[in-house]
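Colleague: This is the structure I want to talk about, given as structure tokens.
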Amino acid sequence: MRWGDRVRRLVTTISVVGLLAIAPPATAQQGEWRIGGRLLSINTDAATEDVAESGSEITFDASWSLDFDATYMVGTNWGIEWMLTTAPYDLEASGGEVAGLDVGETWVAQSTFTLAYHIPLWGKWKPYVGGGFGLGYLHSATTTDAAEALDIHDIRSDLLAGVVGQVGVTYRAGRSWMLNFDVKYNGASGDVDLEDTAGDTVYTLKTDLDTWLVGIGAAYRCP
């Protein structure tokens, strides 16, 4: 047998053994749903680009909220999670000609979809790490008199999208209940429109959410 064939067989064997080592056992492929919620601390560096070359950008403050999350466990170690939350944000102009201007308030809905590996360590404690993609959407905005004086009467957005990173730990508190601490980074970005009274777009601004979602909560393991 030639050396090239031997090397290819060796690499193939190592790859198969490695995949079998990390794959969940066949008896654990039935799946499991975990339905829960968390109290979220939302910390963000969200900001738009400069408004009309004024040197001023619109920033979003931090907020608190609750989330709804559902995880489907594929075997014992892999989980696919969907999370949804929405929270109000105060908007303020930062820097430039109108620094400190109170622009108003908008609600920002965020949803994330992640695939996480739950590391089988420490008995009832299971840390995990994952990644995926996130979405964001601005809705239900209100503007101040100061913003309306600049012909900004409404704030809308397209669907913002970007990558998500996730780390956390789950503690099995009983047969059906689990406690959870979770941290996500949502890098969704996209266009936000500032509109006048007629609903016409005055400015379209590139916006990055750059949001950290830190949550603590509980989940129920569906039988």
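Colleague: So in region 168-223, with the set limited to residues that are of a type in the set (S, T, N, Q) and more than 22 Å from the chain's Cα centre (by Cα), which one is farthest from residue 153 (Cα to Cα)?
Modeller: Residue satisfying both the conditions and the ranking: 176.
Colleague: Take the residues of region 140-160 that are crowded, with 16+ Cβ neighbours inside 10 Å and in a strand (DSSP E or B): which is nearest to the chain's Cα centre (by Cα)?
Modeller: Filtering region 140-160 for residues that are crowded, with 16+ Cβ neighbours inside 10 Å and in a strand (DSSP E or B), the one nearest to the chain's Cα centre (by Cα) comes out as 160.
Colleague: Scan region 58-67 and give yes if some residue there is surrounded by fewer than 17 Cβ atoms within 10 Å (Cβ to Cβ), at pLDDT below 95 and in contact with a Gly (Cβ under 7 Å, 6 or more places away or on another chain), otherwise no.
Modeller: No, there is no match, as no residue in region 58-67 is surrounded by fewer than 17 Cβ atoms within 10 Å (Cβ to Cβ), at pLDDT below 95 and in contact with a Gly (Cβ under 7 Å, 6 or more places away or on another chain).
Colleague: Look through region 161-180, keep the residues that are open to solvent by 50 Å² or more (accessible area, probe 1.4 Å) and assigned to a loop (DSSP other than H, G, I, E, B), and return whichever of them is modelled with the lowest pLDDT.
Modeller: Among residues in region 161-180 that are open to solvent by 50 Å² or more (accessible area, probe 1.4 Å) and assigned to a loop (DSSP other than H, G, I, E, B), the one modelled with the lowest pLDDT is 175.
Colleague: Could I ask something else about it? Only one of (1) more than 28 Å from residue 153 (Cα to Cα); (2) buried (at least 18 other Cβ atoms within 10 Å of the Cβ); (3) more than 14 Å from the chain's Cα centre (by Cα) is not met by residue 91, so which one is it?
Modeller: So residue 91 meets the others, but not (1).
Colleague: Something else: Pick out the one residue from 85, 71, 112 that is over 20 Å from residue 187 (Cβ atoms), touching a residue at least 60 places away in the same chain (Cβ under 8 Å) and part of a strand (DSSP E or B). Lay out the reasoning, then the answer.
Modeller: Numbers: 85 fails: over 20 Å from residue 187 (Cβ atoms); 112 fails: over 20 Å from residue 187 (Cβ atoms).
Every option except 71 fails the conditions.
Colleague: Within region 68-77, restricting attention to residues that are at pLDDT below 95 and not aliphatic (A, V, I, L, M), which residue is farthest from residue 217 (Cα to Cα)?
Modeller: 75
Colleague: Continuing with this model, one more query. State whether the residues of region 189-200 include one that is at negative phi, outside any strand (DSSP E or B) and open to solvent by less than 60 Å² (accessible area, probe 1.4 Å).
Modeller: yes
Colleague: Can you give me the number of residues within region 116-139 that are under 23 Å from residue 44 (Cα atoms) and open to solvent by 60 Å² or more (accessible area, probe 1.4 Å)?
Modeller: Residues meeting the conditions: 3.
The values are calculated or read from the model by the stated rules, or taken from the named source; none is laboratory data. Quick caveat: nothing in here was measured; it's all calculated off a predicted structure. Neighbour counts are summed over all protein chains in view; Cβ atoms, including those assigned to glycine, are modelled from backbone coordinates with ideal geometry. All accessible areas refer to the heavy atoms of the entire protein, side chains included, with ligands and DNA or RNA removed. Shrake-Rupley method; radii C 1.70, N 1.55, O 1.52, S 1.80 Å.
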